Amino acid sequence: MNIKKPFKSFRGDGKFAYVCYSLEDSEAVFPLLTKLVNSRYRIRYDECNQEDAKVDAYRKHNIKNCEVLLAFLSQKALQSPYVMNQLEMVQTFESNLYVVYLDGQETVDQVNRMFGTEVKGIRISESDEETILDVMSQLLKDCQEPERIEERVLTYDELLDEVYPDQENSNKESFVNTTDHDNDHIKKAAASAVKASKTAKTQKLQKHGRSFINAVLVVGAMLAIAFLIYVFFGDQLNEILHPDEVVNFIPAPAAFSKLFGMLL
């Protein structure tokens, strides 16, 4: 029997439920499984034909390692060699079995005789769909994918624009200390912004300090050079600047001012 499956079997990491059923019961089984998958439960089942021998090892792996084995059983299912083979594996690997009974008490009694004890399960004829799904949600809670929450990590510039459109960088620290936002990524971005702001401010002050010191050194060097020129060449410069006056050692203030202006 070739029946189109409603969804792909789960193949990723994480705890999963494995489903055993007969294809003849697919009309009753697939709607429930589809609702479970839509609720982010990880469901595995055989996607290939029953007679495909290549899947035997994969089937054993799933039955041995599943968190819960969901068996959808009916009189039709219990007459299927494929289903009975899987139930034997359940006994061999002592898997966590939960049965959804698709028909009457005869199937319940047969399953209990097979496992030698009362098997956990629910009868679909005695429960509405909502109740069954509630039971499944509790049974499969460890097999559910966490809800995906899209998180946006702000860059430094985006943080400035969105969180502090009208504030200076120095006010960012108040955001880190008082925010009640639960997004850790945003908090980390804010902390990084504060650190970057402080670093930039420190670097700016250091740059300005170095520029001032460099300017002082340049002016000092020029004054020193001017003074040495006057000491060694004072007489010659004095004759050039004041040909009618004689200054023996240090030139007159007016001559010094003129020379300094020429140098600059």
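Observations
- Backbone HN-Hα couplings from phi across the stretch 123-135 [Karplus 6.51/-1.76/1.60, Hz, Gly and Pro as x]: 9, 5, 6, 9, 9, 7, 4, 4, 5, 4, 5, 5, 5
- Highest mean packing comes first when the peptides 226-233, 138-145 are listed by Cβ atoms within 10 Å, giving 138-145, 226-233.
- 3J(HN,Hα) along the stretch 24-38: 5, 9, 4, 5, 8, 7, 4, x, 5, 5, 4, 5, 5, 5, 5 Hz, from the Karplus curve 6.51 cos²θ - 1.76 cosθ + 1.60 with θ = phi - 60°, whole Hz, x for Gly and Pro.
- Summarising the amide proton neighbourhood of Cys20: residues at separation of 5 or more, or on other chains, whose placed amide H is nearer than 5 Å comprise Leu70, Ala71, Phe72.
- Stretching the chain fully between Ser137 and Lys201 yields a gain of 17.5 nm (0.36 nm per residue, less the alpha carbon separation).
- Taking Lys and Arg as +1 and Asp and Glu as -1, the other residues whose beta-carbon sits under 15 Å from that of Arg113 total -4.
We did not get these values from a lab; they are worked out from the coordinates using the rules stated. Because the structure is predicted, anything quoted here is derived from the model rather than measured. When we count neighbours, we look across all protein chains shown, and the Cβ atoms used for this are built from the backbone with ideal geometry, even at glycine.
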